[in-house]
Amino acid sequence: MIRAVIVDFDDTLCLTEEASFALENEVLIQMGREPMPRALHLATWGLPLPEAMPYRSPGLDLDQFAALFPAMNQRYLADGKLDVIPPENLAALDHLLHEGRTIMLLTSRAEAEIRHLLAPGHALAARVTGAYHRNNTRFTKPDPRVFDELLTETGLNPSQCVYIGDSPGDAVAAGGAGIHFIACLQSGVRRLDEFDPRYVTAAVDSFPQIPPVIAAL
């Protein structure tokens, strides 16, 4: 039986690529730099932000970008333009919880980028029992060892877990760790033929389709 459902956040539980593209370009414009094209953002989507920005804006002053980014990020959050989880996705999590499964997050974001998601009163906080990110894992996706801390701290066997993500790197990480992987293709950023089929247990077109797929594993 699948005991733990581990969920990626960006473009899996919440569609964020387009909003992130707009946010980052606003910071670039604030710095007096040219905005990046959407194709470049898509090509580097999934990389941690500090690693992606030198590709997205060559020659960028990363320290200045990092200093300006938090205020813009907070503005987008306050305006409801970023990290808004659809009600139907929360309902899918509730379905999984009702079946007795544990919900955890595993993301390439830093702790500061997910702190608001786990704050008391947030819709996600009451549903998630653990969150693994760039600041509490020694490795990052697609390295399968990104799951080491989660598996050690929970005592779960990889076969008792399923990871839901949107990128080929998510699949490689999960498959390499012996964890079931479900590709969620709702964002349209990736196609199923981009994934190594060896690591894909199942694929869905939208997050609400997840519960019956997991029940069948």
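Throughout, read-outs are computed from the coordinates displayed, never taken from laboratory work. It should be emphasised that the depicted structure is a prediction, and the values quoted were computed from it without experimental measurement. Here the Cβ positions follow ideal geometry from the backbone for every residue, glycine too, while neighbour counts run over all protein chains shown.
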Note: H98 to Q209 extended length (0.36 nm per residue) minus current alpha-carbon separation gives 38.4 nm
Please tell me the relative contact order of region 17-78 in percent, rounded to the nearest whole number, where contacts are Cα pairs under 8 Å and at least six residues apart. 37 percent
Label-point separation, A91 to E153 (7 Å along Cα→Cβ), nm: 3.2 nm
Quickly estimate the mean residue ellipticity at 222 nm for the chain, helices only: each DSSP H run with n ≥ 4 gives -39500 (n - 2.57), and the total goes over all residues, rounded to 500. -11000 deg cm²/dmol
With +1 on each Lys and Arg Cβ and -1 on each Asp and Glu Cβ, how big is the dipole of region 17-78 about its Cα centre, in debye rounded to the nearest 20? 80 debye
Relative compactness, region 17-78, computed as alpha-carbon Rg over 2.2 N^0.38 Å: 1.00
Give the angle, between 0 and 90 degrees and rounded to the nearest 10, that separates the Cα long axis of helix 17-30 from the longest principal axis of the Cα atoms of the chain. 20 degrees
Rank H116, H41, H98 by mean-square fluctuation in a GNM of the chain with C-alpha springs under 10 angstrom and give only the top-ranked residue. H98
Please work out which option in (i) 18.3; (ii) 17.8; (iii) 19.8 gives Kirkwood radius over Cα pairs in Å calculated from these coordinates, and answer with its label. (ii)
Measure out, as a whole number of angstrom, how far apart the alpha-carbon centroids of region 82-101 and region 1-63 sit. 24 Å
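Among R198, R33, R101, which comes first, second and so on when ranked by fewest other beta-carbon atoms within 10 Å? It would help to have the intermediate numbers written out before the result.
On the way: R198 10, R33 16, R101 20.
Fewest to most other Cβ atoms nearby, the residues stand as R198, R33, R101.
Place a +1 charge on the Cβ of each Lys and Arg in region 111-184 and a -1 charge on the Cβ of each Asp and Glu, then give the dipole magnitude about the Cα centre in debye, rounded to the nearest 20.
Roughly 60 debye, rounded to the nearest 20.
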I want the antiparallel fraction of DSSP beta bridges within the chain, as a percent rounded to 5. 0 percent
Value of Rg to Rh for region 140-206 (Rh from inverse mean 1/r over Cα pairs, i.e. Kirkwood): 0.98
Between the residues G188, T152, A91, the Cα farthest towards the positive end of the dipole of the chain, that dipole coming from +1 and -1 charges on the beta-carbon of Lys, Arg, Asp and Glu, is from T152
Taking the Cα centre of the chain as origin, sum charge times position over the Cβ atoms of Lys and Arg (+1) and Asp and Glu (-1), and report the length of that vector in debye to the nearest 20. 280 debye
Could you work out the relative contact order of the chain? I mean the mean sequence separation of Cα pairs under 8 Å and 6+ apart, divided by the number of residues, in percent. 25 percent
Grab the Cα-Cα distance for E51 and A19, subtract it from 0.36 nm times how many residues apart they are, and report the gain in nm with one decimal. 9.7 nm
Using the basic label-point model (7 angstrom from Cα toward the beta carbon), what is the M31 to A123 distance in nanometres? 3.2 nm
Among F147, F139, F181, which one moves the most in a GNM of the chain with springs linking Cα atoms closer than 10 Å? F139
Net length gained if the chain between R115 and L68 were fully extended (0.36 nm per residue, minus Cα distance): 15.1 nm
Out of A123, A171, A203, a Gaussian network model of the chain with alpha-carbon springs under 10 Å gives the largest mean-square fluctuation to A123
